[in-house]
1. Does segment 85-123 hold any residues that are touching a helix residue (DSSP H, G or I) at 6+ places or on another chain (Cβ under 6 Å) and part of a helix (DSSP H, G or I), and which are they?
2. For the list (1) surrounded by 11 or more Cβ atoms within 10 Å (Cβ to Cβ); (2) modelled with pLDDT under 65; (3) among the small types (Gly, Ala, Ser), I need the number of the one condition that Gly199 fails.
3. Report yes if Ser126 is within 25 Å of Phe173 (Cα to Cα), of a type in the set (S, T, N, Q) and outside any loop (DSSP other than H, G, I, E, B), otherwise no.
4. So, in segment 54-81, how many residues would count as being in contact with a strand residue (DSSP E or B) (Cβ under 6 Å, 6 or more places away or on another chain) and over 20 Å from Asp149 (Cα atoms)?
5. Suppose we filter segment 131-185 for residues that are outside any strand (DSSP E or B) and of a type in the set (Lys, Arg); how many remain?
6. Could you give me the residue pairs with C-beta distances under 7 Å whose first residue belongs to segment 61-83 and is under 16 Å from Val108 (Cβ atoms) and part of a loop (DSSP other than H, G, I, E, B), whose second residue is modelled with pLDDT of 95 or more and not charged (D, E, K, R) wherever it lies, and which are 6+ apart or on separate chains?
7. (1) buried (at least 18 other Cβ atoms within 10 Å of the Cβ); (2) at pLDDT 95 or above; (3) over 20 Å from Ile202 (Cβ atoms): which one isn't true of Thr111, the others all being true?
8. Does Leu75 count as surrounded by 14 or more Cβ atoms within 10 Å (Cβ to Cβ), touching a Pro at 6+ places or on another chain (Cβ under 7 Å) and over 20 Å from Gly154 (Cα atoms)?
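The values are calculated or read from the model by the stated rules, or taken from the named source; none is laboratory data. Remember, it's a predicted structure, so these values are computed and weren't measured experimentally. Ideal geometry is used to build each Cβ from the backbone, glycine not excepted, and the neighbour counts take in all protein chains shown.
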Amino acid sequence: MGFRGVHPRVALVALCVVVAVATASCGQVLTKQYEYEEELYLALDGSATLNVNASVASLVALRGADLPADPRARLDRERVRALFASPGAVVRVSLSRRDGRRFVHASVDVTDVRDLQSIAPLSWSSYRFAREGDVLEFRQLVGMPKRADVGDVGWTGKEMVAFRIHVPSKIPFHNAPSRRTERGNILVWEQPLTERLQGQPIDIQVQMEPQSILASTLLLFASTILAAAATFAVVVWWVVRRGRAPAVAGSNS
């Protein structure tokens, strides 16, 4: 029956709600899903948290993981945790399903990002984090996979792999293929799964300022407050001075 007989303002609000819901739904539908993803949260002191979100089949095919690629097989969470275990690392693991297949979600905390290469599933990468002049430089070179046959797991050839980095400060330089920074200072390197299986290298390079975005924001905020306070003080001084000038002139007359 449409909006006939409905107050225009009510109709407008209803339309806005519909558009918002549709936009949110489209955002969820259009969210890119990866067969294998490494998401690195890097801190300025070199510590890091790396989240691996990957299908069991990709872990077997790319990293030679001793896990059952059959989606009907039972998957032991502790077995997955042991796969990412390393001295000094804190590991958390959860499991899920997508498109009828099992996915692993492993989160690894390390005090030095360079220690990640000592963890078996992550050893295909070499990591470098050091100060270079006025910036901190991070570099990750992803090399050859450990190929293992997983048979027919339903891959279509369109599956993608991603390496995502959350950078904690301003970024003077990076070599992400998109040449842009996503919101929240996120950089992404993508590669078709077929190319990753062939071992085509991914060279990740990022330079970042040694001061965090939060610290820079707080410093800017504090500077603005101080500048405003100084301006206010000058105005008060000028007003008081002008008020005294007539009084002095009157007393001299």
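1. Leu116, Pro121, Leu122
2. So the condition that Gly199 fails would be (2).
3. Numbers: within 25 Å of Phe173 (Cα to Cα): yes; of a type in the set (S, T, N, Q): yes; outside any loop (DSSP other than H, G, I, E, B): yes.
It is true that Ser126 is within 25 Å of Phe173 (Cα to Cα), of a type in the set (S, T, N, Q) and outside any loop (DSSP other than H, G, I, E, B).
4. The number of residues fulfilling the criteria is 2.
5. Of the residues in segment 131-185, 6 are outside any strand (DSSP E or B) and of a type in the set (Lys, Arg).
6. Ala65/Leu59; Ala65/Leu83; Ala65/Pro121
7. Every listed condition holds for Thr111 apart from (1).
8. No; evaluated as a whole, the condition is false for this residue.
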